[in-house]
Amino acid sequence: MKHHRLDPMLNPVRIAVVGASEREDSAGGVVMRQLAEAGYGGTIFPINPKRDQINGQKTYPNLAALPSIPDLAILAVPNSAIEGELAAMAAQKIPAAVIYASLVMEESATPPLMERVRQRLARDTILMCGGNGMGFYNFAARVWACAFATRRDHRAAIPPHNRPGNLALITHSGSVFNSLLDAEPRLDFALAVSAGQELSVSAADYLDYALEQDHIWTIGLVLETVRDPVRFVAALEKAAKLRKAVVILKLGRSAQAAELALSHSGALIGSHGAYQALFQAFGVCEVSTLSELAAHLLFFSHYHHPPYAPERVMPPGGLASIHDSGGERVLFVDLAQDIGVPFAAIAPATQQKLATRLEPGMLAVNPLDAWGTGRDNFAMYAGGVEDFATDPNVALCVAVGDRMIDGIFDDSWYGKIFRPLRRKTTTPLAVVSNHQGLGNDDPALRLSRDGVPVWDGVREFLLAVKSLFFHRDFVYCAPPPISDDVIAVAKKWCEKIAAKPNSSGLLLNEFETLQMLAEAGISANQTVAVKYAAGDNDDFYQAAEKIGYPLVLKSAAPGLAHKTEQGGVVLNIRNRDELNTQAQHMTRRLGPEMLLAPMIDYENAVEMMIGVSQDSNFGPIMLVGFGGIYAETDRDVIRLYPPVAAHYVEQRLRELRRYPILLGSRGKPAVAVADFARMVERVSLLAVALGKNFGDIDLNPVVVTPKFSIAVDGNVTQS
């Protein structure tokens with residue numbers, strides 16, 4: 001078995017229970033009972049100075065009196081006793097603790113208790129789960145370090161209930177810990193952790209531990225925030241490489257983006273955009289409700305299994321559904337289309353088999369309404385399910401119906417169909433009711449445990465299926481390394497910004513930004529900074545002649561934003577006379593500071609944008625999409641976590657609403673999508689090399705022609 005630094009906490013050989021008790025309503029009493037019910041096979045040291053024994057076990061007055069050093073000390077004591085027990089742990093070099101106490105007291109001392117505990121844990125390198133948490137369950141190792149009783153089927157002494165599954169749950173919310181762990185018996189967990197205040201061990205650490213366990217293949221997280229961004233990103237990258245599924249419910253997504261963001265990209269990415277970019281980069285499935293999380297965990301636990309059981313991994317293809325109602329079938333199709341779940345194109349042979357089973361007038365299609373006049377509905381329905389389950393284009397076959405009288409699941413119907421079929425086919429099978437019933441009645445639970453998950457609620461089911469298909473098809477595209485040349489360019493421009501005074505929020509103007517891009521090997525228009533004066537303009541005209549006509553004239557007035565709207569851009573100037581006239585007009589309105597640049601052939605071109613915004617947790621986040629003057633209003637963009645590979649960018653560009661425009665429309669040719677993707681890759685490498693504190697980069701527009709891509713405007717602003 002692999003060794004992990006959290007083993008002393010999550011898989012201990014010896015456990016000390018400080019505050020052990022026989023009282024059923026005390027935390028120490030619950031912990032002692034839980035460890036006994038779990039069948040924990042290690043050594044337990046009950047600590048209670050007022051008792052000689054508890055439940056027949058010898059007790060000890062304190063940690064110093066123990067005959068050997070425990071791996072884990074469970075501190076079932078109040079806030080007032082925590083510091084003393086941690087000091088005793090440090091003296092005995094006990095490596096790990098669980099604390100349930102809130103670590104919040106009415107006190108005048110500074111720093112407060114929570115910070116003092118944090119400092120003690122860091123100084124003495126103690127791993128701690130908590131405080132203000134529920135503890136954890138390592139069902140696979142039979143370590144139940146929780147001060148609250150769990151559900152009955154966890155406590156049952158006979159199979160199949162007392163069995164660890166392939167799921168892990170890591171949550172900041174204690175109520176969610178109870179909700180999913182104790183109130184949802186269709187979910188079998190191998191590990192469940194209430195992370196609490198994360199004073200020495202973060203959610204990222206628990207995630208890494210779960211990924212290292214061969215028996216865990218799907219991890220659900222409920223996160224308020226990420227306290228250790230570096231380790232969190234590393235853990236997600238590990239999950240992507242191992243092909244293990246991570247499902248996240250991120251709390252606090254509704255906070256509004258800062259209204260005073262100086263950059264387009266910062267405003268467009270928004271407060272939750274960094275998390276979305278991160279999740280998409282590493283194949284994370286994000287959900288928005290607890291019901292969606294439970295549905296994802298249920299179906300992933302059944303259909304996302306390791307390589308040694310390939311028949312249980314989601315196969316290629318689409319969804320096939322069978323219904324007993326025409327109206328509910330239409331509703332199912334509408335929801336599937338809204339969510340983006342594809343239906344399987346069933347094979348001609350399947351259509352022929354269905355046609356022979358169905359009554360006249362019934363259509364042999366997917367989705368299938370298999371309810372006829374009542375002559376032999378069961379045979380038609382069961383036959384339709386089997387035909388779908390054996391079709392090579394079907395990745396998952398689901399029966400969609402309704403619960404019976406009093407909301408009871410009809411096991412006599414579905415069980416009679418699906419149990420024999422489960423033994424005959426490797427195609428994933430499921431049963432979903434259109435409307436919520438009792439949920440966990442015994443027939444539904446039994447069929448779920450027999451390999452056919454039963455769920456209430458079509459929408460949550462379809463969202464889970466979409467995620468299953470996404471994770472099945474996700475391929476992690478490792479980005480290329482950052483070259484020494486790009487690192488050198490980044491260092492140079494970081495030093496320039498640090499040396500120049502700044503009061504307007506603009507760190508690099510258009511001329512400087514395009515120059516930096518060119519030095520980094522990124523296609524940028526060859527802009528020249530010039531000044532137009534009333535008298536001698538020889539240098540001005542010589543610069544124009546060197547560039548060649550037609551050319552572009554732009555204002556370079558300091559602090560000027562949205563140049564096009566303010567008349568600060570004149571395109572397609574064809575000769576010196578036109579240049580003189582336009583320069584005079586621009587000088588009167590916006591001042592003499594100007595830029596000259598070659599005129600890019602816009603015929604059949606598309607304006608795109610590439611932005612980089614700095615996130616306080618994760619550093620640079622990229623925004624890529626359709627640009628020009630409508631970038632902020634259209635918001636047709638994708639978010640990327642750099643660095644990114646060009647191949648990955650090409651895949652993600654397909655998410656844009658107007659993506660077909662890039663492929664050519666209304667007689668126009670396709671533009672150079674692959675070249676644009678390579679440009680995004682190069683900008684992503686530069687963004688990472690520039691670092692977290694460089695600033696926000698806006699490249700808009702980036703002109704993408706049928707042959708090449710080139711940045712024609714840009715700036716860098718304060719984050």
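Apply 1/(1 + (r/R0)^6) to the Cβ-Cβ distance of Ala149 and Ala349, taking R0 = 51 Å, and write down the FRET efficiency to the nearest 0.05. Let's see the in-between values first.
On the way: r = 54 Å, r/R0 = 1.05.
Efficiency at R0 = 51 Å is approximately 0.45.
What GluC sites (Glu not before Pro) in the range 526-625 are in a loop by DSSP, with at most 16 other Cβ atoms within 10 Å of the Cβ? Show your work: numbers first, answer last.
Values: sites: Glu545, Glu565, Glu578, Glu593, Glu603, Glu607; in loops: Glu565, Glu603.
Filter output for the range 526-625: Glu565, Glu603.
Can you grab the distance from the C-alpha centre of the range 76-140 to the C-alpha centre of the range 178-209, Å, no decimals?
Each part's Cα centre sits 19 Å from the other's.
Okay, helix-only estimate at 222 nm for the chain: each DSSP H run of n ≥ 4 adds -39500 (n - 2.57), divide by all residues, round to 500 deg cm²/dmol; what do you get? Write down the numbers at each step before the final one.
On the way: 25 runs with 268 residues, N = 719.
About -11000 deg cm²/dmol.
So which lysines pass the test for Lys492, namely a Cα distance under 19 Å, with those fewer than 8 places away in the same chain ruled out?
Those lysines meeting the cut-off are Lys500, Lys692.
Less than 15 Å apart at the alpha-carbon level, and either on another chain or at least 8 residues along: which aspartates and glutamates does that give for Lys546?
Cα-Cα hits under 15 Å: Asp538.
How large, in Å, is the range 526-599 by the Kirkwood hydrodynamic radius built from its alpha-carbon pairs?
On the way: mean 1/r = 0.0835 Å⁻¹.
About 12.0 Å for the range 526-599.
Need one number for the range 314-473: average projected area of the convex hull over its C-alpha atoms, nm². Present the calculation step by step, with values, prior to reporting the outcome.
Working: hull surface 35.2 nm².
Hull-based average projected area comes out at 8.8 nm².
Using just the C-alpha positions of the chain as equal point scatterers, what log10 of I(q)/I(0) does the Debye formula give at each q in 0.05, 0.08, 0.09 1/Å?
Taking Cα atoms of the chain as identical point scatterers yields -0.35, -0.79, -0.93.
Return the distance in nm (one decimal) between the two label points of a simple spin-label model at Lys424 and Asn572, each offset 7 Å from Cα along Cα→Cβ.
A separation of 6.9 nm, rounded to one decimal place.
How long, wide and thick is the range 1-135, going by the Cα atoms along their three principal axes, in whole angstroms, largest first?
Sorted largest first, the three principal extents are 43, 38, 26 Å.
Tell me which aspartates and glutamates have Cα within less than 12 Å of Lys496's Cα, excluding those fewer than 8 residues away on the same chain?
Glu512
How high is the relative contact order of the chain? Use alpha-carbon pairs under 8 Å, at least six apart in sequence, and give a whole percent.
Working: 1439 pairs, mean separation 66.6, N = 719.
It comes to 9 percent, rounded to a whole number.
On a 19 Å Cα-Cα criterion, which of the cross-link pairs Lys244/Lys466; Lys554/Lys668; Lys2/Lys238; Lys416/Lys466; Lys2/Lys244; Lys531/Lys563 come out too long?
On the way: Lys244/Lys466 16 Å; Lys554/Lys668 29 Å; Lys2/Lys238 15 Å; Lys416/Lys466 28 Å; Lys2/Lys244 17 Å; Lys531/Lys563 17 Å.
Table pairs above 19 Å Cα-Cα are Lys554/Lys668; Lys416/Lys466.
So which trypsin sites (Lys or Arg not before Pro) in the range 568-617 end up in coil per DSSP with only 15 or fewer other C-beta atoms within 10 Å? It would help to have the intermediate numbers written out before the result.
Values: sites: Arg574, Arg576, Arg588, Arg589; in loops: Arg574.
Here the sparse-neighbourhood loop sites are Arg574.
When DSSP assigns beta bridges and you keep just the ones with both residues in the chain, what percent turn out antiparallel, to the nearest 5?
50 percent
Specify the angular offset, from 0 to 90 degrees and rounded to the nearest 10, of the alpha carbon long axis of helix 203-212 from the longest principal axis of the alpha carbons in the chain.
70 degrees
All of the numbers you see were taken from the coordinates with simple rules; none came from a lab. Quick caveat: nothing in here was measured; it's all calculated off a predicted structure. Neighbour counts are summed over all protein chains in view; Cβ atoms, including those assigned to glycine, are modelled from backbone coordinates with ideal geometry.
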